[in-house]
Amino acid sequence: GRKDLTVETTELLHSIAFTEKTVELLVTWLRRKYYQRVADLQKRREEADEELKSLYELRQALIEKNLTGVYTDEMFKEQNKLLEDKIKVVQIAKDDELLTKYNLEKITDFIQEKLNNVAETFATSTLHQIRVLLCSIFPSGMPYGRNGYSNTPISPFYSAILDLQKPIVTFGGEGGI
């Protein structure tokens with residue numbers, strides 16, 4: 001007889017499950033990306049310090065020129081407003097909140113827990129979580145017909161991760177030349 005849709009979906013997810021080693025590789029890649037991003041933010045923050053120093057010096061020069069009558073009050077206000085806007089933009093780039101917003105350990109633990117057994121994640125998730133999970137793996141949908149799921153393309157990202165766990169065929173090895 002026909003199988004239950006939940007059972008078939010669970011079987012489909014089992015058939016494309018990641019191995020523990022693949023999940024470890026993914027988490028290692030995420031960690032590397034995270035630390036690259038942290039280094040980029042650190043560099044941007046250092047550049048922002050230099051730019052702020054330059055903008056403050058420019059503003060001081062502007063104040064002095066206004067006080068000595070080189071710039072009118074109107075010109076001073078206009079130029080000062082432009083400098084203040086630039087200073088705000090640079091201060092936002094310097095903000096540490098971007099780094100503290102992400103807790104790498106919580107993120108990697110969550111990913112390992114959810115991806116080590118996608119079928120289990122499916123079984124224990126809310127309807128909204130199931131939607132997000134299935135749409136991230138099968139963005140084109142999951143056509144279901146008389147014979148179950150058919151032509152269910154996997155997302156390129158998920159597919160690329162699956163490719164990591166395919167055995168490498170070497171010359172003279174099983175399946176090799």
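Taking amide hydrogens as placed 1.01 Å from N in the peptide plane, the amide H of Phe18 sits under 5 Å from those of Val118, each at least 5 positions away in sequence or on another chain. Each residue of the range 80-90 was assigned a 3J(HN,Hα) from its phi angle through the Karplus curve 6.51 cos²θ - 1.76 cosθ + 1.60 (θ = phi - 60°); the sequence is 5, 4, 4, 5, 4, 4, 5, 4, 4, 4, 5 Hz, with glycine and proline shown as x. Checked against a 20 Å cut-off, the cross-linked pairs Lys53/Lys88; Lys33/Lys53; Lys43/Lys106; Lys53/Lys94; Lys106/Lys166 give Cα-Cα distances beyond that limit for Lys33/Lys53; Lys43/Lys106; Lys106/Lys166.
Dipole orientation for the range 21-135: of the candidates Leu62, Ser125, Trp29, Ser125 has the Cα lying most toward the positive pole (charges on Cβ; Lys, Arg +1; Asp, Glu -1). Show me, bin by bin at 10 Å from 0, the whole-percent P(r) of the chain based on Cα pairs. Spelled out bin by bin, the chain gives 8, 22, 20, 16, 12, 10, 8, 4, 1, 0 percent.
Between the amide H of Tyr71 and those of Asn66, distances stay under 5 Å, these residues lying 5 or more places away or on another chain, with hydrogens modeled in the peptide plane.
Positive end of the dipole of the chain (Cβ unit charges, origin at the Cα centre): among Thr19, Thr72, Val89, the Cα lying farthest that way belongs to Thr19.
Along the chain, the longest continuous region that contains none of the chymotrypsin sites (Phe, Trp or Tyr not before Pro) in a DSSP loop with at most 13 other C-beta atoms within 10 Å is 1-101. By accessible area, using a 1.4 Å probe on protein heavy atoms only, the range 20-80 has 52% of its surface on carbon and sulfur.
Lys53 sits with roughly 120 Å² accessible to a 1.4 Å probe, with DNA, RNA and ligands left out of the calculation. Helix-only arithmetic for the chain: the sum of -39500 (n - 2.57) across DSSP H runs with n ≥ 4, divided by the residue total, places the mean residue ellipticity at 222 nm at -23000 deg cm²/dmol. Charge dipole (Cα centre; +1 on Lys/Arg Cβ, -1 on Asp/Glu Cβ; no other charges) of the chain amounts to roughly 460 debye.
The values are calculated or read from the model by the stated rules, or taken from the named source; none is laboratory data. Keep in mind the model is a prediction, meaning the values are calculated, not measured. Don't worry about glycine lacking a Cβ; one is built from the backbone with ideal geometry, like all the others, and counts go over all protein chains shown. Surface accessibility is based on the protein's heavy atoms, side chains included, excluding ligands, DNA and RNA. Shrake-Rupley method; radii C 1.70, N 1.55, O 1.52, S 1.80 Å.
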